[in-house]
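What follows is a single structure, written as structure tokens, with notes after it.
The values are calculated or read from the model by the stated rules, or taken from the named source; none is laboratory data. Here the structure is a predicted model, which is why all the values come from computation and not from measurement. Here the Cβ is made from the backbone with ideal geometry for all residues, glycine too, and neighbour counts use every protein chain on show.
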Amino acid sequence: MSAEVSNPVVRDSALDVEQATVHFISGNAAILRLSERLKEFSVCCGQPDAMQDIAYFLSKPGALPRVPHLLLAGPADLNLKNPSSRDLSGVLLIFEQCVSGIGTRAFATNDRSGRSTLVARPFDRAKVAALTSRALLDRGAHLILMSYRPDEAEQSGGAGKFSPLGVGANGKRVAQWAVRERTIPGYLPLSLSYDATLTRVGTRTRRNLRYYRRRAESELGCVFVARVEASREEVLAFGRECMYPVAPEVVGFRYDSLKDLADPVFMGIKDRDGRWLSMLGGRRYLNRSEILWQLNRDGLAAYSLGTVMRSYFIEHEISCGSRRLYTEGGTPHSMKFSFEPEELTDLVVVRRTLVAKAMQILAQRFISRDNELSHMLGAVELEWLPC
């Protein structure tokens with residue numbers, strides 16, 4: 001693993017975003033065939049981590065079954081089988097929610113961090129978000145929920161500030177949209193040693209990482225396993241013995257998805273009797289390590305096994321050359337207060353129909369309470385604009 005990420009080569013787009021045509025690629029297989037081209041384009045746009053391990057995000061289960069759609073902005077005659085980075089103006093990966101195998105025309109991104117959602121060259125991301133949203137509306141979308149990483153101009157309120165969606169092909173305004181910017185805990189910077197890294201975190205978090213690890217080693221005979229060799233059945237069985245029960249199909253997905261990662265992480269800790277105490281799945285890419293999920297044995301809350309596992313994980317990943325630690329979907333752990341902040345833009349588009357209104361109400365009621373996009377649907381302070 002390299003210690004640093006090289007500076008991207010940002011090339012001029014062959015076509016202004018406003019003049020681009022949006023092409024739709026649907027389904028896991030068709031999108032996966034373009035994975036290498038997507039990674040190349042991400043590097044050109046200064047977002048080298050955006051399309052890494054795309055197979056994982058395509059198959060990640062959600063509240064409802066979903067069909068992935070890749071929207072490519074480029075010339076009308078764009079080569080969809082082998083698009084060149086020079087021809088692409090932007091890319092959006094978004095998912096249509098389905099009920100009983102039927103698309104609902106409700107679309108949402110699948111990455112709360114916004115890193116694997118929208119890719120475009122600097123100063124074009126807001127324009128691509130508007131262009132692709134209009135393309136979805138023109139195809140009959142009722143509801144669009146999108147989080148993406150803004151560029152420098154958006155963050156400073158300059159030329160890249162989010163562009164109005166304009167009107168549809170028939171000249172009518174059929175929907176309304178709202179946008180907001182927020183700051184999220186991004187990643188924990190990792191130094192060249194474990195001890196040096198701990199100086200970056202708060203005093204209480206630093207103390208807990210050390211204390212609970214020593215206690216687990218002393219009282220439970222805790223042993224770190226850098227590479228877990230466990231069968232699917234063994235992991236499913238352990239999942240049934242863990243805190244905060246996870247559905248077996250989700251545990252199965254977590255295990256199965258490891259084979260789709262370019263550089264997977266599967267580590268754990270055992271007690272002196274060889275029982276699993278915690279398992280952690282993740283991935284490595286560029287100079288970064290990311291926690292995707294964690295399972296902790298029930299009945300041992302006093303030992304804070306989640307903290308113990310993170311302590312081993314951080315130390316091990318530093319030894320592998322990692323310089324950033326991410327947690328997919330965020331983390332409630334106190335270490336998040338030591339993360340470097342990153343900016344995120346949320347966009348919501350709602351069609352002016354009774355169906356869209358019903359979807360809006362259902363999303364507010366049934367989508368997880370920690371989902372920021374669902375909060376936007378009921379926020380009274382947002383400025384809604386017609387499009």
Checklist entry - Any idea which residue in region 85-101 is farthest from PHE123 (Cα to Cα), counting only those that are touching a residue at least 24 places away in the same chain (Cβ under 8 Å) and in a loop (DSSP other than H, G, I, E, B)? => result GLY101
Next on the checklist: Here's a check for you: in region 1-55, which residue that is of a type in the set (Asp, Glu) and buried (at least 20 other Cβ atoms within 10 Å of the Cβ) is modelled with the lowest pLDDT?
Outcome noted: ASP49
Checklist entry - So VAL250 clears everything in (1) in contact with a helix residue (DSSP H, G or I) (Cβ under 8 Å, 6 or more places away or on another chain); (2) part of a helix (DSSP H, G or I) except one condition, right? Which one? => result (1)
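What number of residues within region 53-80 are in a loop (DSSP other than H, G, I, E, B) and free of Cβ contacts under 8 Å to residues at least 60 places away in the same chain? It would help to see each step written out before you state the result.
Within region 53-80, the subset in a loop (DSSP other than H, G, I, E, B) is 53, 60-65, 75-80.
Imposing the further condition that a residue be free of Cβ contacts under 8 Å to residues at least 60 places away in the same chain reduces the set to 62, 64-65, 76-80.
Counting residues in region 53-80 that are in a loop (DSSP other than H, G, I, E, B) and free of Cβ contacts under 8 Å to residues at least 60 places away in the same chain gives 8.
I want to confirm something. Restricting to region 65-78 and keeping residues that are over 17 Å from the mean Cα position of the chain (by Cα) and within 27 Å of GLY103 (Cα to Cα), which single residue is surrounded by the most Cβ atoms within 10 Å (Cβ to Cβ)? Break it down into steps so the answer makes sense when it comes.
At the first step, the residues of region 65-78 found to be over 17 Å from the mean Cα position of the chain (by Cα) are 65, 71-78.
Then drop every residue that is not within 27 Å of GLY103 (Cα to Cα), which leaves 65, 71-74, 76, 78.
Values: PRO65: 15, LEU71: 22, LEU72: 24, ALA73: 26, GLY74: 24, ALA76: 9, LEU78: 20.
Residue satisfying both the conditions and the ranking: ALA73.
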Checklist entry - In region 345-366, is there at least one residue being farther than 21 Å from LEU192 by Cβ and at pLDDT 95 or above? => result no
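Hey, among the residues in region 210-237 that are within 26 Å of the chain's Cα centre (by Cα) and within 20 Å of GLY299 (Cα to Cα), which one's surrounded by the fewest Cβ atoms within 10 Å (Cβ to Cβ)? Full working, then the answer.
Let us first name the residues in region 210-237 that are within 26 Å of the chain's Cα centre (by Cα), namely 226-228, 232, 235-236.
Subsequent filtering for residues that are within 20 Å of GLY299 (Cα to Cα) retains 235-236.
Numbers: VAL235: 22, LEU236: 15.
Applying the filter and picking the extreme gives LEU236.
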Checklist entry - Between a first residue in region 312-336 that is outside any helix (DSSP H, G or I) and a second residue that is among the aliphatic types (A, V, I, L, M) and surrounded by fewer than 18 Cβ atoms within 10 Å (Cβ to Cβ), which pairs have beta carbons less than 8 Å apart while being 6 or more apart in sequence or on different chains? => result CYS320/MET1; GLY321/MET1; GLY321/ALA3; SER322/MET1; ARG323/ALA3; GLY330/ILE184
Checklist entry - How about region 185-205: which of its residues are outside any strand (DSSP E or B) and under 27 Å from the mean Cα position of the chain (by Cα)? => result LEU190, SER191, LEU192, TYR194, THR197, LEU198, ARG200, VAL201, GLY202, THR205
Checklist entry - Restricting to region 313-337, what's the tally of residues that are buried (at least 17 other Cβ atoms within 10 Å of the Cβ) and of a type in the set (Ser, Thr, Tyr)? => result 4
